[in-house]
Every structure is written in C-alpha cells, then in structure tokens.
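Worksheet: the structure to be examined is printed underneath.
Nothing in this text is a laboratory measurement; each read-out follows from the coordinates by a stated rule. Computed from a predicted structure; not experimentally measured. Heads up, the Cβs are rebuilt from the backbone with ideal geometry, glycines too, and the neighbour counts pull from every protein chain shown.
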Amino acid sequence: MTVLHLRGVSRVHGDGENAVHALVNAELSIESGELVAIMGPSGSGKSTLLNLAGGLDAPTSGEVIVEGTPLSTLSKKKLAALRRRHVGYVFQDYNLVPSLTAAENAALPLELDGMGVGKARKAALAALEEVGLDAQIADRFPDEVSGGQAQRTAIARALIGERRLVLADEPTGALDSTTGEDVLKLLRKRCDQGAAGLLVTHDARHAGWADRVVFLRDGRIVDSSTPLEKPESLLEGAE
Amino acid sequence: MSVKHSLLALLERGPAYGYQLRAAFESATGSTWPLNIGQVYTTLSRLERDEMVEALPENESGQRPYRITEAGKRHLAGWFASPVRAADRPRDELTIKLALAVTTPGVDVADVIQRQRAATLRTLQEYTRLKADDSADLAWKLVLESMIFRAEAEIRWLDHTEAVVARAELPAPSPFGHYEPDPETSAPLEEKR
C-alpha cells in the first residue's frame, strides 16, 4: 500500500529573476514496509522534499498525498491533525522538549491528540521499551541522557500511535558510527514492521540500510535505484 | 586495468602513434600506472585485428598512426556506460576511467560518476543487508564491514570528484601535435623493430 506519494511536486522560492527552484517536478512513491534514502549534495533539495512530504511546507505545484489524502485538500487544522496522527519526524538534533522527560516527550503527540495522560504514558513506556530504553531512562530529561538515548527517544516519539510514515533528516548527525548504526537499525525494523520511511542522508553507509536510493541534484531527481531482490548476488564478487 | 579501453579513449582525441599514446596515458593518470611500450603496440595490434582501430599510412619518419573506427567508438561508449564491478578491478580501473573521462571528447563525466555511484551504493546496500542478519558470525561481519567501508570511501570520492569537476572549467582536450621522438625512449622500439 502506498503511504506517501509525491506527484509532480515542485517548490519555488521567490519569483521572476530571483526564483529559486528548490524542487522540480518530483515523482516519488513509498510503500508500506519500504525505507527510501534520499541522497544528494548540499542544496540539492533533500530537506525541501522531506518538509513537503511531511506537510511542513506546501508545494508550488503538484500534490503530496499521505495515506491516500491529498494534503492540499486539508484545512490547517486537519493538516495538523494528519501530521500528528500519521507522520513522525526524526531530526538531526533530536528536537526534544527540554522541560519534558523522555516518556513525556514520547507521549506528546498522543496527548496533543487528546489522549489521557495515563494512557499516553503507558503507550510511551511501551514505545521507549521497543527502542531499547527502560523505565529508568524514561523519567530522565533530555540533558540527562546520551545522544544515542535522546535519538532513540525521538524515534519512539516519531512512531508512537498509529503513524506509519517516518521522515528522518540526517538522524545520526552527531552520533558515533556504532550508535548511529543502532538508530538506522531501529528505523529499518520499524519499516520491516510496516512503516514507510524516508531518510535524508549524506552518508552512503546509512543509505545502505534503505531498500531504494533516490539521488537529487539541483532540485531534480536524477536517478533512482530499483529495490534490492537477491542479496546473495554480491557474494560472487566477495569470494 | 584495461589498456585496451584506455587506448581507445585516447584515440578518440585523434589519430596517434604508440609513443604518443603511452605519454598521453601516463599524463592522464599522473604516471601512476606506467605502460610498457610493447604492451601498447601489442594492444594496438589486437585492436586492429578486432577492427576497433585502423592503421594509417606511415609518415616520412616511418611512424604509423592509428585511428579509432566506428566499431571502436561504440565499444568505448559501452565501456564508459558500464559500471566497474568490484570483482573486475585488479588495478583501479575506476580511477583511470574518470581520469580519461575528463579528457575524452564527448564523455558526460557526471553521468559516468552517477552510474558508478548508483552501482557502488547498490553493492553497499547488499552488504548492509547481509550484515543485518543476526546469525552472521563476527568474522564474516568484519569482512562485510571492510567491504562496506571501501564502498563508502569510493562513494565519498565520487561525490568529491563530482563537485570538483562541476567547479572546474574543463579545457577542451587538445589533439595530438606533431610527434617528436625522444632518442632515449625511442631507441628500444627501433631495436625491437
């Protein structure tokens, strides 16, 4: 099932001679269970694409469709509700609320959506446990946990509830290589369980966890790999 | 490393003699892989047999230049359009391919880089998938890690090369000028002949 569909999406900043074409006629579909990596040099439109996919920005032309709903048909209130319920974000700098504990951060989208505090906390503890954080960490504040634990908290928050689209912008930013890899494994696992993931990264090692890689240059999708099928094929070259 | 493809790429600039080809190859690759002149002439003979180059009439100095044929051009285009497989890389063919791509007329360097990047990334994806298998033993995982790091390094180098090429104003590759033999380097050939 298609979770995210970008249909001929363009984003232009400014107009006339000063127009900047941040994204040009992007076509992209992501199915449930799929992790897609977006690669490209700085300024190629990766973050623009991610912001449009998550409804944080609106396209100049084209349509962004999340779980069958064209975002342009939604009021601001309904768009905010769709983002809360269907879309999770993982940022490079975690974006946790510093005055809330890990569990409160993870529970935030559910509480904003009207769920009771007790029920939301229970769901948050389960989500944190799933990303490898125990109850002891759950009651710590962001500045009391390591970078890896903070990013795990952000992933728990991104995927809590029924959200099946996770958008990650350089999610391993300041983490060391093994901790960063743990974060990628979590994203991979959630996609294997049915979420659709869009991962923006500079790092080829991280793109290696994706099913498909889309290359952007100057706002255009210039290449897109087909999904992997037979992992054994590479062994011919390794022997 | 493919001497055959390297010579075809150099001949795309225009007809040339064996010594000119050797000098141009070493110049294009920073003399990293010295070519034996005998190897150059042997390869040219095979290319002539396969109708990918043709020998032109000797000039007054007794030098016989070679010219790439249409079949040779097609073969060369096919080489540039195909990614190098890791298994086919006893010497670094990719480095040579890119060094020649920036000096060969009509080659879309960005396209050569992107094809390679996509192919290398795909290999990296496959390695990663194998590594994610928790039943793999540690030694195998370490070998996979090594291959992943090599692939990553290659992709980073390709990214860097793409940026450098994009910024550089590529000079038009100059056709070969009049050949002036160097008495020292030409002597062995005379002896061979």
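Label-to-label distance, A:Arg85 versus B:Phe149, with points set 7 angstrom from Cα along the beta-carbon direction: 4.8 nm.
One Cα centroid belongs to the range B:33-80, the other to the range A:130-155; the line between them spans 65 Å. Within chain A, the ratio Rg/Rh, alpha carbon atoms throughout and Rh by Kirkwood, equals 0.98. Counting only residues at least eight positions apart within a chain, or on another chain, the aspartates and glutamates with an alpha carbon under 16 Å from that of B:Lys4 are B:Glu12, B:Glu26, B:Glu48, B:Asp50, B:Glu51, B:Glu54, B:Glu70, B:Asp88, B:Asp92, B:Glu93. The listed peptides A:166-173, B:57-64, ordered by packing as a protection proxy, come out as A:166-173, B:57-64 (highest mean of other Cβ atoms within 10 Å first). Separation of the range A:200-217 and the range B:122-148, taken as the distance between their Cα centroids, equals 17 angstrom. Can you figure out the FRET efficiency of A:Leu112 with B:Lys141, using R₀ = 51 Å and their beta-carbon distance, to the nearest 0.05? Efficiency for this residue pair is about 0.75. Along the charge dipole of the protein assembly as shown, which of B:Ile96, A:Ala135, A:Leu112 sits closest to the positive end, that is, farthest toward it, with unit charges on the beta carbon of Lys, Arg, Asp and Glu (+1, +1, -1, -1)? The residue sitting most towards the positive pole is A:Leu112. Relative contact order of the range A:16-146, taken over Cα pairs closer than 8 Å and 6 or more residues apart, is 16 percent.
Expressed as a whole percent, the proportion of Cα-Cα pairs in the protein assembly as shown lying more than 33 Å apart is 48%. Relative contact order of chain A: 28 percent, from C-alpha pairs under 8 Å at least 6 residues apart in sequence. Expressed as a fraction of 2.2 N^0.38 Å, the C-alpha radius of gyration for the range B:1-154 is 1.27. Only the Cβ atoms of Lys and Arg (+1) and of Asp and Glu (-1) were treated as charged; on that basis the dipole of the protein assembly as shown about its Cα centre amounts to roughly 1120 debye. Multiplying the residue separation of B:Ser61 and B:Ser45 by 0.36 nm and subtracting their alpha-carbon distance yields 3.8 nm. Packing-based ranking of B:69-78, A:37-46, A:216-225 yields A:37-46, A:216-225, B:69-78, ordered from highest to lowest mean Cβ neighbour count within 10 Å.
Give the order of B:Thr123, A:Thr179, B:Thr95 when sorted by the count of other beta carbons within 10 angstrom, beginning with the fewest.
Details: B:Thr123 23, A:Thr179 16, B:Thr95 19.
Ordered by Cβ neighbours within 10 Å, fewest first: A:Thr179, B:Thr95, B:Thr123.
Spin-label pair B:Glu54-B:Ala166: with each label point 7 Å from Cα along the Cα-Cβ axis, the two points sit 4.2 nm from one another.
With both bridge residues required to lie in the range A:84-239, what share of the DSSP beta bridges run antiparallel, to the nearest 5%? Walk me through the numbers before you get to the answer.
Working: 4 of 13 bridges.
Beta bridges within the range A:84-239, antiparallel portion: roughly 30 percent.
Pairs A:Lys46/B:Lys141; A:Lys77/A:Lys185; A:Lys78/A:Lys119; A:Lys46/A:Lys185; A:Lys77/A:Lys122: which exceed 25 Å Cα-Cα? List each step's numbers first, then the result.
Values: A:Lys46/B:Lys141 31 Å; A:Lys77/A:Lys185 34 Å; A:Lys78/A:Lys119 23 Å; A:Lys46/A:Lys185 22 Å; A:Lys77/A:Lys122 27 Å.
Listed pairs above 25 Å: A:Lys46/B:Lys141; A:Lys77/A:Lys185; A:Lys77/A:Lys122.
Distance between the pseudo-spin-label points of A:Ser75 and A:Val20 (7 Å out from Cα toward the beta carbon): 3.4 nm.
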